[in-house]
Number of protein chains: 2
Amino acid sequence: MTAADAYAELVRRSREVSTLNSCAAVLGWDQQTYMPPNGAGLRGDQMALLAGLTHAKATDPKVGELLAAVEGTDVVADAESVEAANVRELRRGYDRSAKLPPRLVEELARVTTQAQQAWQQAKKASDYPAFRPWLEKVVKLKCEEADAVGYKAHRYDALLDEYEPGATAAEITTLFAGLTAELAPLIRKIADSPTKPDRGPLEREYPLDRQKLFAESAAAAIGFDFAAGRLDTTSHPFCTGIGPGDCRITTRYNPRFFSEAFFGTLHETGHALYEQNLLREHFGTPAGWACSLGIHESQSRLWENQVGRGRPFWDHFFPRLKQTFPVAIDGVTPDAFYSAVNDVRPSLIRVEADEATYNLHVALRFEMELGLLSGDLSVADLPGAWNERTQSLLGLTPPDDARGCLQDIHWSFGGLGYFPTYTLGNLYAAQFMAAARDQLPGLDDDFRRGEFGRLRGWLTENVHRHGQRYRPGELCRRATGTPLSAEPFVRYLTEKFAPLYGVC
Amino acid sequence: MTAADAYAELVRRSREVSTLNSCAAVLGWDQQTYMPPNGAGLRGDQMALLAGLTHAKATDPKVGELLAAVEGTDVVADAESVEAANVRELRRGYDRSAKLPPRLVEELARVTTQAQQAWQQAKKASDYPAFRPWLEKVVKLKCEEADAVGYKAHRYDALLDEYEPGATAAEITTLFAGLTAELAPLIRKIADSPTKPDRGPLEREYPLDRQKLFAESAAAAIGFDFAAGRLDTTSHPFCTGIGPGDCRITTRYNPRFFSEAFFGTLHETGHALYEQNLLREHFGTPAGWACSLGIHESQSRLWENQVGRGRPFWDHFFPRLKQTFPVAIDGVTPDAFYSAVNDVRPSLIRVEADEATYNLHVALRFEMELGLLSGDLSVADLPGAWNERTQSLLGLTPPDDARGCLQDIHWSFGGLGYFPTYTLGNLYAAQFMAAARDQLPGLDDDFRRGEFGRLRGWLTENVHRHGQRYRPGELCRRATGTPLSAEPFVRYLTEKFAPLYGVC
């Protein structure tokens, strides 16, 4: 077999695994949207079976042989080629998968499917004890996973690496400490400012059917392709890129709070634009996969916040908002509305947090995860630790666990190590946006006219189309000219909020 | 390996194939309900991959070895045991699959996928010549399939056996001839009767949201478990039993025709009650699978017609109907409504036919299929033969092929041998219902009170819970005391329609 043949066979196998994964993605979407509750048991078995089949194919020693037959040959001689990137990332995935015992993979699939169901019930009833045994199982299994994968400094690194290739707990600790130090004074100044936006206009009656139409129109305006996707309702919003021509997003509607569905939809649309603009011809190979969760999150944050909470965006959308919700927006000025959607104040729910305090929520979860994985924090002690740290970081105490440590779905699906990518996303988003503004003068004028094509084109060109051709840090350097730094994000927040709150 | 071990391994493998099939069932449901249009290409790849995996597992020679290791041992010594039934039916399925050359399986999959596409276009344009070459290919491949599977008397038997194990063309011919001879005079008398129900009340405005609520309330009343299923909207109604705790039905709403969604929902609910009451512990083995398509259809027909078009049912539901649709039902008496839903008159479209004439449509298709498979009827001559026989059976001539031999999807997906199960379903339904009435006095009083639990319990006890433990004929004999006969059905129709139409 020539190296070229081996490469072709690697690609064929990778596509097959991806197609199998895309079946699981449909089942996962269905589980969150339309599956009847009693279907959960079977769904666990289905997911476990697919995960087992996928794992068997992904860890087939033949893949190792094929990789070895391609590595170091002419096929991958150009380190910047698609072929080289594919082989590099397939090697990374193969090595990781091969270290996981099939029993652990299937057990994780089964347990997390049931744990998600248990979490939903427990959250509804604010009943942490009902979720606790499931979380204990998940943490135990994730520790086993990390130990099987291996790590140098901290068990956390082994889990983080799955979401953000190459990142480490030590780096994140440093980055978050610096960011928190920069943000704290800004948040304090804003809290002390006599200027307080009136959130009242956002908390009026927003009829659900109109919210849906308005959210869909905004998603379409920034570029979501509804022939290749859909928008549904779930208790926890998400985006799932099933494959070419099929990317689905969800949101949740609150009849008395405009922001929840609207900014949630912009957020998921940002993710979806990434998925919809990956190169179809690379489907099923790393060159057709998103770079990392941090980069993925940068796309959602960029559209939700950098664009969607900006003044130019609302110069275009405010008149449409007023037309759609004449009662709620009656007597509200564009300035008042712009202030309302940029209200900064500490709150309990991460997904409802403003741009500045959001990162404190992430820092909190990162700390809890470090504790759970190192064994310094027991699952039993989690609610207490959570509430205490919420008080010290945000000055608030959750009145119940539904608004505390039960609020997020992540741990129920085994997503320990996932949260830091949210803050990485904020940082990447600010850095990408600053670079796009530099390279595309007059971007705000586009937005004021409801045109988002130039920005979307820049993102597709500099981020989306590369897939995993470059690692996150390298992608950032190529797109923006500098390595990732918190500076553009802090500058963006300061420049935005200083005039809004009369602080400096 | 002991025989018991071999049996356990057979069950494990059967469950695995079933779980894989249940994944495909979710994807199939999604394809008809919520999949975005551009997802069709990927969906084809996903389905092909799952089908390939399933086929490989089902035809693994190891299954043949395991079967041989169990057959004739103590494990299956009791011919009436679950074990014996499982081994008998797994053998039947394995032999059938193993006899089909992979080339034929693949070609059938490819040709029927394209033939369905061609049929859709041809039906829309009423263009039989456009469909003819596809039907020729399908008939040729189905003949090859039948010849590969083998048969004693008629090639038709090999295809029929897939849907109705053990049934033969000879039996069906006799049964249908007797039935047609009995029905013809009744239908003629009804046609000649001066009493003509007014269908007008069914063709008023029925708001879609209220139709949905009303259909759901009826489905729930007869026993559909919404915690273990759902009702959605599709252009072709269906029921898919994904597995334990997850059975989904669909219907289609016509804003100006009450019967379409309502009786369609009762019909699919009948199928769903069967699926929902199969024994969970036998999931993935023949003992947990429905007995045959004929028995399955008996459950849908029983609830749709025997119960749902009966006077006691409407004694309960009519006041609720009037409350839900005060405008449409304004001035309509219960008698007039009962007559309207029991309008018998020859028509061209099978799926819109009444209880009596429906079976003539099936007899016609059975005759055509016999001719096509034996070679006595060429695909070229089909439209002529169809129209001629429609005239002699129903007294009508289709004005075009869209309302003639192009009306049904079945042949395009290769479903030759499928149609007879519809009439078998009607016959089984009448025979089951007569037996249930004998054994459960006062059943109509139950229905008048909106109570359907005793009937459902009888069906679960006598039909559902047995799965494939008995073949259809034996199941019928055990449940009703006699072999299948057309007599209960003819008696039911006569007793129902004689007073309605003043005939005897």
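What 222 nm value per residue comes from the helices of the protein assembly as shown, counting each DSSP H run with n ≥ 4 as -39,500 (n - 2.57) and dividing by all residues, nearest 500 deg cm²/dmol?
-20500 deg cm²/dmol
Rounded to the nearest 10 Å², what accessible area does residue A:119 have for a 1.4 Å probe in the complete protein model?
Surface open to solvent at residue A:119 totals about 10 Å².
Rounded to the nearest 10 Å², what accessible area does residue A:137 have for a 1.4 Å probe in the complete protein model?
That residue has around 90 Å² of solvent-accessible surface.
Tell me the angle of helix A:40-58 to the major Cα principal axis of chain A, expressed in degrees between 0 and 90 and rounded to the nearest ten.
50
How big is segment A:86-237 in terms of Cα radius of gyration and Dmax, in angstroms?
22.0, 59
With N residues in segment B:448-493, what two-decimal value do you get for its Cα radius of gyration over 2.2 N^0.38 Å?
Compared with the compact-globule rule of thumb, segment B:448-493 sits at 1.34.
Could you tell me the center-to-center distance, by alpha carbons, between segment B:303-349 and segment A:17-42 in angstrom?
39
Suppose each label sits 7 Å from its Cα in the direction of the beta carbon; what would the residue A:171-residue B:126 distance come out to in nanometres?
Between residue A:171 and residue B:126, the label points sit 6.9 nm apart.
What ³J(HN,Hα) values, in whole Hz, does the Karplus curve 6.51 cos²θ - 1.76 cosθ + 1.60 give for segment B:198-207 when θ = phi - 60°, with x put for Gly and Pro?
8, 6, x, x, 7, 10, 8, 6, 10, x
Stretch residue B:380-residue B:474 to full length: gain in nm at 0.36 nm per residue minus the Cα-Cα span? Intermediate values should be presented prior to the final figure.
Values: separation 94, 0.36 × 94 = 33.84 nm, distance 4.00 nm.
Additional length available on full extension: 29.8 nm.
Give me a single rounded figure for B:241-247: the average over its residues of other chain Cβ atoms within 10 Å of their Cβ.
Mean inter-chain Cβ contacts per residue within 10 Å come to 6.
Within 10 Å of each Cβ in peptide A:41-52, how many partner chain Cβ atoms are there on average? Round it to a whole number, please.
Mean shielding by partner chains, rounded to a whole number: 5.
Using the basic label-point model (7 angstrom from Cα toward the beta carbon), what is the residue B:209 to residue A:388 distance in nanometres?
Roughly 5.1 nm, to one decimal.
Would you mind checking the tilt of helix A:358-374 against the longest principal axis of the Cα atoms of chain A, expressed as 0 to 90 degrees and rounded to 10?
40
Provide the FRET efficiency to the nearest 0.05 for the residue B:79-residue B:437 pair, computing r from the beta carbons and using R0 = 35 Å.
E between residue B:79 and residue B:437, to the nearest 0.05, is 0.65.
Where does each of A:138-148, B:268-278, A:492-502 land if you order them by average Cβ count within 10 Å, highest first?
Numbers: A:138-148: 18.9, B:268-278: 25.8, A:492-502: 16.6.
Top to bottom by mean Cβ count within 10 Å: B:268-278, A:138-148, A:492-502.
Taking the DSSP beta bridges in the protein assembly as shown as the whole, what percent of them are antiparallel, to the nearest 5?
Working: 8 of 18 bridges.
Roughly 45 percent of the beta bridges in the protein assembly as shown run antiparallel, per DSSP.
So which lysines can residue A:189 reach, going by Cα to Cα under 22 Å and dropping same-chain residues fewer than 8 places off?
A:496
Taking a spot 7 Å from the Cα of residue B:107 along the direction of its beta carbon, which residues of segment B:56-91 have an amide N less than 17 Å from it?
Hits in segment B:56-91 for residue B:107 at 17 Å: none.
If you scale each eigenvalue of the Cα gyration tensor by 5 and take the root, what three semi-axes come out for segment A:217-279, rounded to whole angstrom and sorted largest first?
Over the Cα atoms of segment A:217-279, the semi-axes work out to 21, 11, 9 Å.
Equivalent ellipsoid semi-axes for segment A:67-111, as square roots of 5 times the alpha carbon gyration tensor eigenvalues: give them largest first, rounded to whole Å. Walk me through the numbers before you get to the answer.
Details: eigenvalues 183, 20, 6 Å².
They are 30, 10, 5 Å, listed largest first.
After finding the eigenvalues of the alpha carbon gyration tensor for segment A:197-238, what semi-axes result from the square roots of 5 times each, listed largest first in whole Å?
Numbers: eigenvalues 111, 33, 21 Å².
Taking √(5λ) for each eigenvalue gives 24, 13, 10 Å, largest first.
Which angle from 0 to 90°, rounded to the nearest 10, does the C-alpha axis of helix B:453-462 make with the longest principal axis of chain B?
30
Just how large is the dipole of the protein assembly as shown about the Cα centre, in debye to the nearest 20, putting +1 at every Lys and Arg Cβ and -1 at every Asp and Glu Cβ? Show your work: numbers first, answer last.
Values: 110 positive and 132 negative charges, 229 e Å.
Taking the Cα centre of the protein assembly as shown as origin, the dipole is about 1100 debye.
If you take the beta carbon distance between residue B:225 and residue A:226 as r and set R0 to 30 Å, what does 1/(1 + (r/R0)^6) give as a FRET efficiency, to the nearest 0.05? It would help to have the intermediate numbers written out before the result.
Details: r = 34 Å, r/R0 = 1.12.
Using R0 = 30 Å, I get an efficiency of 0.35.
If you average the sequence gap of Cα pairs under 8 Å that are 6 or more apart and divide by the length of chain A, what percent do you get for the contact order?
On the way: 724 pairs, mean separation 97.5, N = 504.
Across chain A, relative contact order equals 19 percent.
Ignore the peptide's own chain and count Cβ atoms of other chains within 10 Å of each Cβ in B:221-231; give me the average, rounded.
Values: counts 0, 0, 0, 0, 2, 3, 4, 4, 3, 4, 0.
Mean partner-chain Cβ count within 10 Å for B:221-231: 2.
Using a cut-off of 10 Å between beta-carbons, work out the net charge of the residues near residue B:88 (Lys and Arg +1, Asp and Glu -1, residue B:88 not included). Could the numbers behind the result be given before it?
Working: positive: B:91, B:92, B:469, B:471; negative: B:71, B:83, B:89.
Cβ neighbours under 10 Å give a net charge of +1.
Between residue A:147 and residue B:60, what's the calculated FRET efficiency when r is the beta-carbon distance and R0 is 30 Å? Round to 0.05. Can you show the working numbers first?
Working: r = 35 Å, r/R0 = 1.18.
For R0 = 30 Å, the calculated efficiency reads 0.25.
The values are calculated or read from the model by the stated rules, or taken from the named source; none is laboratory data. Only a predicted model underlies this, so the values are computations on that prediction, with no experimental measurement involved. FYI the Cβ positions are ideal-geometry reconstructions off the backbone, even for glycines, and counts take in every protein chain you see. Heads up: the accessible areas ignore ligands, DNA and RNA and are worked out on the full protein's heavy atoms, side chains in. Shrake-Rupley method; radii C 1.70, N 1.55, O 1.52, S 1.80 Å.
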